[in-house]
Amino acid sequence: MALERQTVRSWAASSMESTPSMGDSIGDAVTTYIGEAEATQRRVLSAGDVTQDERGLRELVQNGAYRSAINLTARLLTIYGQGLGRAGHPSKHSPHSLQLWFTRIALLVKAKEFQVAQAEAEPFGQLDKPDLFYQFYPEMYGGRPGSIASFSFRLLLAELPMHCGKPKESLTKLFSILATVKQMIRNLKDGVCEDGNPMEISDSDRSDSIRLWTGRETRIMWTGRETRIMHSIVNCALSLKDYVLAMDMLGQLCERDGAPRHMLLSALGRLHLQLGDISGAEVCFNEASEVRGTPPDLRELVDRGLLAMAQSQFSEAYTFFQQASHLEPSNVMILNNMGVCLLYGGQLKEAIAVLESAINQNPVHGLQESLLLNLCTLYDMESSKGRRKKFALLRQLSKYQADAPTAILEKLYG
């Protein structure tokens, strides 16, 4: 069916109108609570410090300068007439412009600017508007059918409401996408194209498209996309505390040929622990160990540690986490759990020492949100010196990190 031609306007362009340039939140916090002298020593890449293209964007992201990267996407989108100040101006979408929008909104989520991300994503709807399909631009793409937007963009927009406190809305969108993908897989198996049209397609292309659970191709095959959606549904179900749905999805994933069953069984076991079902968790962990059939790896050691914690065996749990830490010394999740075990064992100072050591040994990697939040909580429990110690963490953040979520900064100077 031919799409009706009309004046092409970027529905997305107007959504950036109210979005200000992203500032340096860490620098602002240091200036306010420690002083300008300290803030002047801060060095962070800005959008103007890199090449004004995708290479510069990658450099900013690789350096953790997410807010600067967001600012650069605004500059790059002006090339397509979709940047700041371009509301209502005619423009055309392309794979490149939509990839920039995907990158921008993903970075806003990464920076935990969820409301801004939602506002900018709203004009895209379900990515089903006419000018988001190749057929809308016959002079550019001939008779090529299909969506210009990537699958990852579609999945991101479906997940976004969950980040904004609307997990039910995300769940509805995810199940809608899942139904579409399942239909596409059925179409391929029936010998037609993904969209159901009887277009010529080689046997090799068709077999590639429906290949299940190979690991190498899960990102590009429709069945791989189905897997990604199901994992997103699990996360959304957990956000809703719908543990029955989460278990059902994990169970379906376990039944697939070639699925990483030991990892999925481990995830099921951890879900049982969240529910307080220790015996159910133990069954899953034991089955995961049998499926793996090798000496305990990092995941199994963590599983054993979590199980011991649930049974209030904190000394034993600490031993398991310590063994896991030897395999992956920079794993923040493991170090956090070691700190929790020490705390519940009545060793507050030792718990603080473990988390501080994780930061001091590798500040770039160790200054992560969960570890910082836990360490701030321990400082508050320790003594009145907690505020001074938290300011020391803020100094380290300023020295080693380009960005930090607002929740961390508020915890550090609160």
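Every read-out reported here was derived from the displayed coordinates using simple, explicitly stated rules and does not represent laboratory data. Because the structure is predicted, anything quoted here is derived from the model rather than measured. Cβ placement follows ideal geometry from the backbone for every residue including glycine, while neighbour counts extend to all protein chains displayed.
When only C-alpha pairs under 8 Å and at least 6 residues apart count, what is the relative contact order of the chain, in percent?
RCO, the chain: 13 percent.
What is the order of S232, S279, fewest Cβ neighbours within 10 Å to most?
Sorted ascending by nearby Cβ count, the order is S279, S232.
Using only DSSP helix segments of four residues or longer, with each worth -39500 (n - 2.57), what per-residue ellipticity at 222 nm results for the chain after dividing by its residue count and rounding to 500?
For the chain, the value works out to -19500 deg cm²/dmol.
Per-residue counts of other Cβ atoms within 10 Å, averaged by peptide: what ranking do you get for 158-170, 104-116, 51-63, highest first?
104-116, 158-170, 51-63
Fewest first, what order do W101, W222 take by the number of other Cβ atoms within 10 Å?
W222, W101
Sorting check: for 312-319, 358-365, which peptide has the highest mean count of neighbouring beta carbons within 10 Å, and how do the rest follow?
So the order, starting with the most tightly packed, is 312-319, 358-365.
Would you list F321, F153 from fewest to most Cβ contacts within 10 Å?
Arranged by neighbour count, lowest to highest, F321, F153 become F153, F321.
Which lysines have a Cα less than 20 Å from the Cα of K389, not counting those fewer than 8 places away in the same chain?
The qualifying lysines are K349, K399, K411.
Give me the three principal axis extents of the chain from the C-alpha atoms, as integers in angstrom, largest value leading.
So the three principal-axis extents are 71, 58, 32 Å.
Quote the charge dipole size of the chain about the Cα centre in Debye, to the nearest 20; the model charges only the Cβ of Lys and Arg (+1) and of Asp and Glu (-1).
760
Near I177, within a Cβ-to-Cβ distance under 9 Å, what is the net charge of the other residues, with Lys and Arg +1 and Asp and Glu -1?
Taking every other residue near I177 into account, the sum is +3.
Among Q347, C254, Y243, which residue has its Cα positioned farthest towards the positive end of the charge dipole of the chain, with +1 placed on the Cβ of Lys and Arg, -1 on the Cβ of Asp and Glu, and the dipole taken about the Cα centre?
In the chain, that residue is Q347.
Report the number of Lys pairs in the stretch 45-179 whose alpha-carbons are under 24 Å apart, with separation of 8 or more residues or on distinct chains.
10
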